[in-house]
Amino acid sequence: MDGRAALPDLLAELRALYGRERAAHPAERDFYDAVLAALDGPADRRPARVQKPALALLPAALAAAATGPLAGLAAAFGPVEPALAWTQNPNYSDAKMGDGYMAGYAYADLVGPRGLIASDRVAMGLLILGPQRLYPDHNHPAAELYHVVAGTADWSRDGGAFAAQPPGRRIWHPPWMRHAMRIGAETLLAWYAWVGPVDVAANLVKA
Ligand SMILES: [Fe+2]
């Protein structure tokens, strides 16, 4: 089955989400405008499907999301998933992140350099981070907006205390602001949007 056939439903969910929020966050209006414009770009890319071990966590996490505030996004994402290329940040490894980390970690661009919609300025997609993992302080030059789709994890921004962020929560990181996630019992699914130099991958912040 061609996941691209389900793309219009996912794009409609995303336009609604970002369109709803745009007026409430005037300081980030340019960010929202860039994201919304990218969603209207030509969906003419056909990346080869690439799977990662973390995909084994996806069905249960999407099922959990079905009772949450972003159920529509989760439901629309599922059918598109087979059209995506899952990847991992080349800066990361089990040696750096902890034994077994990489087996529960993957993300896929819907929009971006590896996305169905090409962009070198905007990236958007889904991050999977499995239970009992710590993604330590890291940063990147692109501005970033996350939405928690499934899983309540502890998040820290700008070196602050970790705080539980349930599904539906919006988490904003300006360029280069360090941030971290500590995953407990529940797989985290987080929808990300980056605007800026999206070809520069995140990297850990040295303590
Ligand atoms: Fe980030």
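The values are calculated or read from the model by the stated rules, or taken from the named source; none is laboratory data. Computed from a prediction, not measured in an experiment: that's the story for all the values here. Glycine also receives a Cβ, built like all others from the backbone with ideal geometry; neighbour counts cover every protein chain displayed.
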Inset, instruction - Would you mind stating whether residue 30 is touching a Pro at 6+ places or on another chain (Cβ under 8 Å) and charged (D, E, K, R)? - result: no
Legend entry - Filtered residue count, the range 183-207, keeping only those that are in a loop (DSSP other than H, G, I, E, B), of a type in the set (A, V, I, L, M, F, W, C) and more than 12 Å from the ligand (Cβ to nearest atom): 3
Inset, instruction - Just one of (1) among the hydrophobic types (A, V, I, L, M, F, W, C); (2) touching an Asp or Glu at 6+ places or on another chain (Cβ under 9 Å); (3) within 28 Å of residue 203 (Cα to Cα) trips up residue 54, so point out which. - result: (2)
Inset, instruction - Looking at (1) in a helix (DSSP H, G or I); (2) touching a strand residue (DSSP E or B) at 6+ places or on another chain (Cβ under 8 Å), find the lone condition where residue 5 falls short. - result: (2)
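Within the range 43-60, can one find any residue that is β-branched (Val, Ile, Thr) and in a helix (DSSP H, G or I)? It would help to see each step written out before you state the result.
Quick first cut of the range 43-60, residues β-branched (Val, Ile, Thr) only: 50.
Then keep just the ones that are in a helix (DSSP H, G or I); that gives none.
Looking through the range 43-60, none of the residues is β-branched (Val, Ile, Thr) and in a helix (DSSP H, G or I).
Would you point out which residue out of 68, 100 is in contact with a helix residue (DSSP H, G or I) (Cβ under 7 Å, 6 or more places away or on another chain) and in a loop (DSSP other than H, G, I, E, B)? Talk me through it step by step, then tell me what you get.
Values: 68 fails: in contact with a helix residue (DSSP H, G or I) (Cβ under 7 Å, 6 or more places away or on another chain).
Criteria check complete, one pass: 100.
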Legend entry - Which numbered condition residue 142 fails, given (1) free of Cβ contacts under 8 Å to residues at least 60 places away in the same chain; (2) touching an Asp or Glu at 6+ places or on another chain (Cβ under 8 Å); (3) surrounded by 21 or more Cβ atoms within 10 Å (Cβ to Cβ): (2)
Legend entry - Residues that are closer than 15 Å to residue 57 by Cβ, away from the ligand (no atom under 14 Å from the Cβ) and in a strand (DSSP E or B), drawn from the range 134-166: 149, 150
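For the condition in contact (Cβ under 8 Å) with a residue 40 or more places away in the chain and buried (at least 18 other Cβ atoms within 10 Å of the Cβ), what is the one hit in 201, 193?
Testing whether each residue is in contact (Cβ under 8 Å) with a residue 40 or more places away in the chain and buried (at least 18 other Cβ atoms within 10 Å of the Cβ) leaves just 193.
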Inset, instruction - Quick one: residue 43 ticks every box in (1) closer than 14 Å to residue 126 by Cβ; (2) in contact with a helix residue (DSSP H, G or I) (Cβ under 8 Å, 6 or more places away or on another chain); (3) buried (at least 17 other Cβ atoms within 10 Å of the Cβ) except a single one, so which number is it? - result: (1)
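Restricting to the range 158-173, what's the tally of residues that are out of contact with any Asp or Glu (no Cβ under 8 Å at 6 or more places or on another chain) and surrounded by fewer than 20 Cβ atoms within 10 Å (Cβ to Cβ)?
In the first step, residues of the range 158-173 are kept if they are out of contact with any Asp or Glu (no Cβ under 8 Å at 6 or more places or on another chain); the result is 158, 160-161, 166-169, 171.
So of that shortlist, the ones also surrounded by fewer than 20 Cβ atoms within 10 Å (Cβ to Cβ) come out as 158, 160-161, 166, 168-169, 171.
Residues in the range 158-173 being out of contact with any Asp or Glu (no Cβ under 8 Å at 6 or more places or on another chain) and surrounded by fewer than 20 Cβ atoms within 10 Å (Cβ to Cβ): 7 in total.
Using the structure shown, decide if residue 131 is assigned to a strand (DSSP E or B), away from the ligand (no atom under 11 Å from the Cβ), surrounded by fewer than 21 Cβ atoms within 10 Å (Cβ to Cβ) and modelled with pLDDT of 95 or more.
Details: assigned to a strand (DSSP E or B): no; away from the ligand (no atom under 11 Å from the Cβ): yes; surrounded by fewer than 21 Cβ atoms within 10 Å (Cβ to Cβ): yes; modelled with pLDDT of 95 or more: yes.
Spelling it out, it is not the case that residue 131 is assigned to a strand (DSSP E or B), away from the ligand (no atom under 11 Å from the Cβ), surrounded by fewer than 21 Cβ atoms within 10 Å (Cβ to Cβ) and modelled with pLDDT of 95 or more.
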